[in-house]
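S.K.: Input: one structure, supplied below.
The values are calculated or read from the model by the stated rules, or taken from the named source; none is laboratory data. The shown structure was predicted, so the numbers you read here are calculated from the model rather than taken from an experiment. Positions of Cβ are backbone-derived with ideal geometry, glycine not excepted, and every protein chain shown enters the neighbour counts. Note: accessible area is taken over every heavy atom of the protein model, side chains too, but ligands, DNA and RNA are not part of it. Shrake-Rupley method; radii C 1.70, N 1.55, O 1.52, S 1.80 Å.
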Amino acid sequence: MLGLENIWLVPILPLIGAIVNGLFGKFMSKSSVTLWAVGSTGLSFFIAVIAFLNLLSLDARDRVFEKILFTWIQAGSFTAQAGIQIDPLSAIFLLIVTGVGFLIHVYSIGYMSHEEGYARYFAYLNLFMFSMLLLILGNNFLLMFIGWEGVGLCSYLLIGYYYEKDSASNAGKKAFVMNRIGDFGFLLAIMWIFWTFGSIDYTTVFPSASQVLPAGGFAVTGITLLLFLGATGKSAQIPLYTWLPDAMEGPTPVSALIHAATMVTAGVYMVTRCNALFNLAPTSMIVVALIGAATALFAATMGLYQNDIKRVLAYSTVSQLGYMFLACGVGAYVAAVFHVMTHAFFKACLFLGSGSVIHGMSGEQDMRQMGGLKSKMPITHMTMLISALAISGIPIFAGFFSKDEILLSAFLGHTKGNLVYWILATVAAAVTAFYMFRLYYMTFSGELRAEDQHVRDHVHESPNVMTVPLIILAFGAAFAGFLGLPIIEGGHALNNFLGPVFHTPGAPEHPHASLGLELFLMGFSVSVAVLGILVARHFYYVRPEAATEMAAKGGFIKTVYTTLQNKYYIDEIYDVVIVKPVVSFSRSFLWKIFDVKIVDGFVNSIASFVTDLSSLLRKSQTGMVRNYALAMALGGVFFVGLWILALGN
Amino acid sequence: MASIPVPDISLGAIAPEITLALTAVVALMLEVFAEKKGRDHIAYISLVGVIVACFITFRLAGDPSWTTFSGLYVVDRFGQFFKLICLLGTGMTILVSVKYNKDEGIDNGEYYALLLFATSGMLFMVSGSDMITIFMGLEVMSISLYALAGYTRKRARSNEASVKYFILGSLSTAFLLYGIALIYGSTGSTQIDIIAKAVSSGSGVEAVLDLGIVMLMIGFAFKVSAVPFHMWTPDVYQGAPTPVTAFMSAGPKAAAFAAFFRVFNVAFPSLQADWWVIIWILAVATMTVGNVIALLQNDVKRMLAYSSIAHAGYILVGFVAGGALGSSAIMYYMLVYTFMNIGAFAIVTVVGRKGEEKTKFSDFTGLGYRYPLMAVALVIFLFSLAGIPPTAGFVGKFYIFMAALKHGYVYLAVIGVVNSVISIFYYLRLSVMMYMQDEPGEDLPPLVFAPSLIAVMIVAIYGSLWLGIMPAGYISFAQSAFLAL
């Protein structure tokens, strides 16, 4: 098999690109930097596609290909092979990462053309591709962990890309530190797995999981919860999500690639990869589902009041990742992967679209300065509209199918408390539709609000190298959903493809609902989304114009107008009763208290405890020899006493 | 007529030590005839001596273990492996020293002679199968180090370091020697395999033996700078000339660990159930105190001193784990540690300019802009020290914690992992300083990269990266050399 045998080239090619650009980029022309960076990624995408086709041509049961490259660590009974494994799950992720990655590389050519450190940027981006592909293709937990650390490192480097900005370097640090907390959980889980299974290879651990670990036992629950802690760090879930909105300090293509389409879904990959373990731990499943659903709603409400276009998208990413974990938590792994895929399309498109807007607005990110860009940036407008419809869950667009499947799975799921998750997720869907269209109307409709004349004059559509990737992604955002058509039995191509990976002992049955119920739920979630869009349209499209008219007429007409305004009292009530409380709750509690005080406060208080301890201990270091000698003598007395009293015999 | 028994003397076994001692003498002689300027050749001749010693050690490593000098000295792969680590440390230190010593005006033959004498002491220590050999080796090493710590005579800090090290070192020697005496008193021997027999047969006087073992442990704990016998470390590391600090942090520590490990596993395996508790406590205290205090340091040398304390703690974890896995984990870790730690110190010497050391964190700001390759190198060393994959430090830590888990020391492994997470913060802080902040406004003369320093950095980068990516060969080498009990 041509593609499968050469699958190791897929991660290696970007690595070569990273090395060449990292070491020699400074001495090369821009076009050769581009050739190495984009060429290596493109080639790697090409090989991934061939490998995928090869995999498809195999019989469904044989779709696991493992290739050991070399023995990495051999220590006593412990062996870690450096090997590559491709199966339907990794194949899907492989296509997403290389495909979306390639498009974002192309887009970056345009976006970064005026920036300094062009070669360095591409070196980091290629290094990221390598690490992410290693994470996906590794055949054991240790390789996954190395890729896991690698993507974190690259994200850190790329967030801090604008290191002249203090906020950028602080955000980079925050991302790194938060991720370390999660990684700590992951590492403990790996050690625990090794301790119980005597191996860290997928092929050894997963098939024997149900024999080695009693279902619902302490060990499997502990392992899966620690794994999930790792996932919350990388995929920005409660309580480790706060780094992701700050990570928007990095260049926009990076936000699209790393902080939307690929890296943050690593947590979902990990949980789905370990489905054999999670299925044995019902308690962990509840935790995963609950955290997922809660994050979906919380993050969505936090997106309500943001004015920075990228921060809205960042919170929306956190929220969408919550949906994916909810799907994992109710055992609907296929739905989770499906949503990863559709999300990669529409979120990458939204981010790149916002990048195009920012590019056109000479670097402005505040939506209050935007407006009326519809006519000036037609392609960006169209692609973003499609993606906004997709993320809102409007039928025929990709997000509709995947989100609907998650909601259906939550409604029918076996995990305890499934109706609660369903309610949370459905409310979140409405909020999502609202803030996405708030973003859409504030950016594209009405009048351009920018005050700076220079900005006003320079608004322009982005060059082809940026718009073509947008169009391709928008195409995906529009049609990728058909891979998972829900109603026609057997038509769910993705389910058929991924199914074997998730047929592990203890796996929940794929829920079967009557067609009527399925249609009803679908209709319900669509109407909720439409409602969200209409409310947004009212507040950010219809009413601002009314307000402008009112202000423009003044005098007598104004009085009449005020009288006639009675019908708008409803709006005021809406505003006071619903929008204001939600917004202020979102602003004052969720953001100021929950986010800043509780989550950050917790992290900070640990840090200050360690710092206090450190300064206390440092005081013992007086510099006086006599004190050191005393410490040695006391230590000696302690150990002699310990030995005589407690040990010897 | 009774014949006088001639002890079996195999000079071939101690050929590496002899080579080093002879080279040291040559270095002293050359000093007499050397010109005022241009004395680099002394350094390079010393380096040749080290390389020859390496080569001989390598040749000796193939054989099964054998003892000579009436049981005073043993040749085995365990010892040869640690000897190679010590020699590696010395070789790298010589390269770091060349330019530094010239700048500081201390490029004397005596300096290199002391380094080589110290190294020969280490080699004796590593291969000693008798307490007396170990003690002699340890003293040869320590006395040379006392002198080296105070080698920059004009600097008060350096003098202070030397005196402190000497006083506290003498105290620790007292512990060690007293321990040896008590053990001798109880078992009637200083030879470790005879002690083992006496201990397991229970023929020794128990109370005396107990006291002796603890005293011995304290003596070794001082040499590996385990908490609470670590307090000399930051002051001495900070005060000593930077290449000497680099030297002290690697070879002598490896030698002390080797002797420590050998004595306790050969002489007292029957008491392992008791002494592992003390080592456990030492390991936890050492890791935790080292890492926690390192968090607040603002001086790079001092930070690296606390980091080296913390690393001693990780190695003690491997000690507790014991067995083939634990001992090969220690060996691999010590090897990796030598590369990454000396690499980091080498860069500290580069950042310091002629006649003054620049070791504040703030002296490192903005280096990422001006010297990108050097900054990348330092980041590699720091990440390796922190144990972030794919560096060698990660594999080393992973291996040690795995060994601990395998032998059932779950809490110890978890405490180790927590500690390695804490340690990220201070290594990261220095990396961030280099990249994320502007350099101070003052105009500083450009840094000078001597070829010897570039060579040492390449070696260190190789060790810190390649041993992480392709560790299998080195690990199997370490495993083939683990202490056969």
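S.K.: Which whole-number percent is the relative contact order of chain B (Cα, under 8 Å, 6+ apart)?
M.R.: Computed over chain B, the figure is 15 percent.
S.K.: Out of the range B:152-199, which chymotrypsin sites (Phe, Trp or Tyr not before Pro) are coil in DSSP terms and have no more than 15 other C-beta atoms within 10 Å?
M.R.: Working: sites: B:165, B:166, B:175, B:178, B:184; in loops: none.
Listed in order of number, the matching sites amount to none.
S.K.: Under 5 Å between amide H atoms, partner at least 5 residues away or on a different chain: which partners does residue A:68 have, H built in plane at 1.01 Å?
M.R.: Those lying under 5 Å, H to H, from residue A:68 are A:84.
S.K.: Count, for each residue of A:611-622, the Cβ atoms from other chains sitting within 10 Å of its Cβ, then give me the mean as a whole number.
M.R.: On the way: counts 4, 1, 6, 11, 4, 2, 9, 8, 0, 4, 8, 2.
Taking the mean over all residues of the peptide, I get 5.
S.K.: On to the next question. Going through the cross-link list A:234/A:376; B:154/B:253; B:99/B:253; B:253/B:406, which pairs have a Cα-Cα distance over 32 Å in this structure? Walk me through the numbers before you get to the answer.
M.R.: Working: A:234/A:376 37 Å; B:154/B:253 27 Å; B:99/B:253 25 Å; B:253/B:406 25 Å.
Pairs exceeding 32 Å: A:234/A:376.
S.K.: Compute log10 of I(q)/I(0) for the range B:1-133 with the Debye formula, placing one identical point scatterer on every Cα and leaving out solvent, at q = 0.14, 0.20 Å⁻¹, to two decimals.
M.R.: Result of the Debye calculation: -0.64, -1.05.
S.K.: Expressed in nm to one decimal, what extension gain is obtained for the pair residue A:611 and residue A:475 from 0.36 nm per residue of sequence separation less their Cα-Cα distance?
M.R.: Values: separation 136, 0.36 × 136 = 48.96 nm, distance 5.20 nm.
Length gained, residue A:611 through residue A:475: 43.8 nm.
S.K.: So how much accessible area does residue A:40 have, in Å² to the nearest 10, using a 1.4 Å probe?
M.R.: Answer for residue A:40: close to 10 Å² accessible.
S.K.: Calculate, for residue A:456 and residue B:418, the FRET efficiency according to 1/(1 + (r/R0)^6) with r their C-beta to C-beta distance and R0 56 Å; round to the nearest 0.05. Don't jump to the answer; show the numbers that get you there.
M.R.: Working: r = 55 Å, r/R0 = 0.99.
The calculated FRET efficiency here is 0.50.
S.K.: Tell me the Kirkwood hydrodynamic radius of the protein assembly as shown in angstroms, computed as one over the mean inverse distance between distinct C-alpha pairs.
M.R.: Values: mean 1/r = 0.0314 Å⁻¹.
Averaging 1/r across every pair of different Cα atoms and inverting gives 31.9 Å.
S.K.: Taking all pairs of distinct Cα atoms, average 1/r, flip it, and tell me the Kirkwood hydrodynamic radius of chain B in Å to one decimal place.
M.R.: On the way: mean 1/r = 0.0445 Å⁻¹.
With all distinct Cα pairs of chain B included, I get 22.5 Å.
S.K.: Only loop residues by DSSP count here, and only those with at most 11 other Cβ atoms within 10 Å; note down the chymotrypsin sites (Phe, Trp or Tyr not before Pro) in the range A:449-482 that meet that. Show your work: numbers first, answer last.
M.R.: Numbers: sites: A:475, A:479, A:482; in loops: none.
Those that pass, being in a loop and sparsely packed, number zero.
S.K.: Could you tell me which of the pairs B:301/B:397; B:164/B:358; A:26/B:301 are separated by over 26 angstrom between their Cα atoms in the structure shown?
M.R.: Values: B:301/B:397 22 Å; B:164/B:358 23 Å; A:26/B:301 32 Å.
Checking Cα-Cα distances, A:26/B:301 exceed 26 Å.
S.K.: Take each uninterrupted DSSP H stretch in chain B, measure its Cα extent along the helix axis, and return the ones at 24 Å or beyond whose mean Kyte-Doolittle hydropathy is at least 0.5. Kindly include the intermediate steps, with their values, before the conclusion.
M.R.: On the way: long enough: B:15-33 (27 Å, 1.80); B:40-60 (30 Å, 1.69); B:77-104 (40 Å, 0.38); B:109-127 (27 Å, 1.22); B:131-149 (26 Å, 1.77); B:156-187 (46 Å, 0.74); B:206-223 (26 Å, 1.67); B:242-262 (30 Å, 0.75); B:272-294 (32 Å, 1.42); B:300-321 (31 Å, 1.11); B:323-351 (42 Å, 1.54); B:410-436 (38 Å, 1.64).
The answer, listed by residue number, is B:15-33, B:40-60, B:109-127, B:131-149, B:156-187, B:206-223, B:242-262, B:272-294, B:300-321, B:323-351, B:410-436.
S.K.: Another question about this same structure. Could you order peptides A:11-19, B:47-55 by the average number of other Cβ atoms within 10 Å of their residues, highest first?
M.R.: Values: A:11-19: 21.8, B:47-55: 19.9.
Ranking the peptides A:11-19, B:47-55 by packing returns A:11-19, B:47-55.
S.K.: Using Cα-Cα distances under 8 Å and only pairs 6 or more residues apart, what relative contact order does the range A:316-426 have, in percent? Each step should come with its number before you reach the end.
M.R.: Values: 105 pairs, mean separation 37.5, N = 111.
Value for the range A:316-426: 34 percent.
S.K.: Find how many whole Å separate the alpha carbon centroid of the range B:243-272 from the alpha carbon centroid of the range A:410-425.
M.R.: 59 Å
S.K.: Calculated FRET efficiency, residue B:370 and residue A:362, Cβ-Cβ r, R0 30 Å, to nearest 0.05?
M.R.: Numbers: r = 31 Å, r/R0 = 1.03.
Given R0 = 30 Å and the Cβ-Cβ separation, E is 0.45.
S.K.: Now for a different question. Can you give the longest run of chain B that contains no trypsin sites (Lys or Arg not before Pro) sitting in a DSSP loop with at most 13 other Cβ atoms inside 10 Å?
M.R.: Working: sites that count: B:36, B:37, B:153, B:154, B:354.
Segment B:155-353 is the longest.
S.K.: Which whole number gives the average count of other chain Cβ atoms within 10 Å of the Cβ atoms across peptide A:624-632?
M.R.: Working: counts 3, 11, 1, 1, 11, 7, 1, 6, 12.
Rounded to a whole number, the mean comes out at 6.
S.K.: Go through A:368-379, A:337-348, B:106-117, A:268-279 and give me the packing order, highest mean Cβ count within 10 Å leading. Each step should come with its number before you reach the end.
M.R.: Numbers: A:368-379: 17.7, A:337-348: 28.3, B:106-117: 23.3, A:268-279: 24.9.
Answer by packing, highest mean first, reads A:337-348, A:268-279, B:106-117, A:368-379.
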